1. For the residues A:145, A:359, A:364, what sequence is obtained by ranking on other C-beta atoms within 10 Å, fewest first?
2. Any idea what angle helix A:330-339 forms with the longest principal axis of chain A, computed on alpha-carbon atoms, 0 to 90 degrees, nearest 10?
3. If you restrict to DSSP beta bridges whose two residues both lie in the protein assembly as shown, what percentage is antiparallel, to the nearest 5?
4. May I ask for the angle, rounded to the nearest 10°, between helix A:82-97 and the longest principal axis of chain A, with both axes built from Cα atoms and the value confined to 0 to 90°?
5. Once fully extended, how much extra length lies between residue A:176 and residue A:378, figured as 0.36 nm per residue of separation less the alpha-carbon to alpha-carbon distance?
6. Under a 5 Å amide H to amide H cut-off, with H placed in plane at 1.01 Å, what residues pair with residue A:72 once short-range neighbours are removed?
7. Give the long-range amide H neighbours of residue A:254: residues separated by 5 or more places, or on another chain, with amide H under 5 Å away, using H modelled in the peptide plane at 1.01 Å from N.
8. For chain A, set up a Gaussian network in which alpha carbons nearer than 10 Å are linked by springs, and say which option among A:74, A:196, A:249 fluctuates the most.
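Derivation of every value follows stated rules applied to the coordinates shown; laboratory data play no part. Bear in mind the structure is a predicted one, so any value in this text is a computation, not a measurement. Glycine also receives a Cβ, built like all others from the backbone with ideal geometry; neighbour counts cover every protein chain displayed.
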Amino acid sequence: MGERTGLEVSLAVSEAVKLARVEAVAAYPITPQTHIVEELAQMVADGHLEAEFIMVESEHSAMSACCGTSAVGARTYTATASQGLALMHEMLFIASGLRLPIVMTIANRALSAPLSIWGDQSDVMAERDCGWIQVFAETGQDAFDLSVQMFKICEDKRVLLPGIVNIDGFTLSHVIEPLELESQEDIDAFLPPYEAQVILDPRKPVTIGPVGFPEIYTEIKMQQNQALLGSYEVVLEVWAEWEKKFGRAYKPVESYCAEDAEILINIAGAVSGTARVAIDRMREEGRKVGMIRPRLWRPYPFEDMRAAVKGAKGVAVVDRALSFGGPGGPIASELRSCLYPLAEKPVVASFIAGLGGRDVTIDDFYTIVAETEKIIETGYTDEYKMIGVRE
Amino acid sequence: MASDKPTWKEYPMAATIHQPGSATGQNTGDWRSERPIRHPEKCDKCGICWIFCPDAALFMNEEGFYEVDLYHCKGCGICVRECAKGAIEMVEEGE
C-alpha cells in the first residue's frame, strides 16, 4: 500500500515522473503546466532526481531535445499545454515517426485567440492524429497512476511510441486531492529500466530519421500505425498488472450507472466528476441516465465503445473543443464514425461546452440530457449545439 | 500485386539505417541535367573544386588531378563557379 496524502495534482504528476526514474526532462514552462516542470527542476537541483533537466527556449526545442535524449536511450519526459503544444506540433510527428517512447503530460488549456489561459481540450484535439498514445485522467489519482503506467506502455518492445497523459488545466492540475503515492520500491518492481532498441551511439553508428522515398514511406507508416493499434493489448496488460499490484482498475472505456441507462453522457477528463453528481440527482428522480468515459483516446477503443452504448437510446457527447465548420465536437464525431457500421445504434447528440475555462454545471447536464431526449423523439435538428452560450 | 520489394514487416523500425555510409549506394547522379567536363591542361591541382563540392562527388586520381564521380554528381556546377583556372565546364546531358 502506498502513502495516502493530500497533494496538488501537478505535484503528484511530478512525483510519478520522479518515481519512474526519468533520466531526461526538457521542458518550457507554460500555464497551467508550470507547477509540474518547476517541481521537477527543483527535484533535480536538490539532488532528489538523477536526471538531466534541459532548459530550452521554446516548446519546439523542448520536443526536439526530448527526441534527442530518447534517441540516445534515456527515459524522457516533458509537459506542456495549449500554445506550447501547438508549437511542438511538428516535432510530435517526428517523435512518433521515430518510435521514441517519450511521455508527456498535457495540462489541457484553450488555444488563442482570444488569449485564454483557462481549461478546455482544444489543444490535444488539434494534435489528435500525431501518432501518440493518448489517455485522459479524471482525478489526481488517475493522473499519478497513468503517468507511471504510460512509461511502461510506451517502452514496451511491441509498442515503442510516445504517449500523452491529459489532465485538465486548473480543474485538475491545480486542485489538491487525496491520493495514494506508491513507494519507490513498488514502482521499481512495476517499471523496469528503459531498454532502447536503437541507440544513437558514435561507437556503433546508425541513421535515425533518414529520407523515406515514396517506395518505402507507406510501409513505414503502416508499421507505425500497426504499433499504435497493437498498443491496445499492451495497455490492457499494463492496466491489469497495475490493478493486481495496486488495486486500482483502469479500462479503455469507463462507465458509471451505464448498465440500464437510456441516455449516456460521453465526456473525457475532469468534468466527468460533475457529470457523476448530475447523474446521481437524475437517478434519484428516476431518470435512466449514465456515463461512458473514453479513458483511452488513441488507439480509439472501437469495440469497447460499441459494447458500452449497447441498449442506450441516445448518447450525449460533451466536447470541450470545437471543430470549426465541422461535424461537432471531436469526441462526438469519433463516436459517430465508430457506431456507423452498427445496424442498431443510439442517437449521438453533440454538445460543445466548457470552452476556455467556462464551468460545465450540473444544470448544463440537465439541459444536455433534455436536448438528447428531444433528438431521440423528433430527430436531429443541428449537427451540434453550443451549451451555455448567450444569445 | 506481387512485388519483390520488402513488405512493411521487413523494414527496420522507423526506416532506421544500420549500415553506415549506405547512401553511397544511391545513384543520385541520374538527377543531373548538366555534367562537369574537366580540362586537365588548365588545372593546377589546387583542389578548390574538391573542397566546395557539396556532395563529395570529386576525388583525386593517381596523377593528383580531381575527377568527377558521375554516379553521385548532381550537376550543381559549384565546382565550375569556384575553379579559378576555368578548368571545368558544364555541358548539357545528352550532348
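1. So the ranking, lowest neighbour count to highest, is A:359, A:364, A:145.
2. 70
3. Here the antiparallel bridges make up roughly 35 percent for the protein assembly as shown.
4. 60
5. Full-extension gain reported as 68.3 nm.
6. Residues meeting the amide H criterion: A:200.
7. Residues meeting the amide H criterion: A:293, A:295.
8. Most flexible of the set in this elastic network: A:249.
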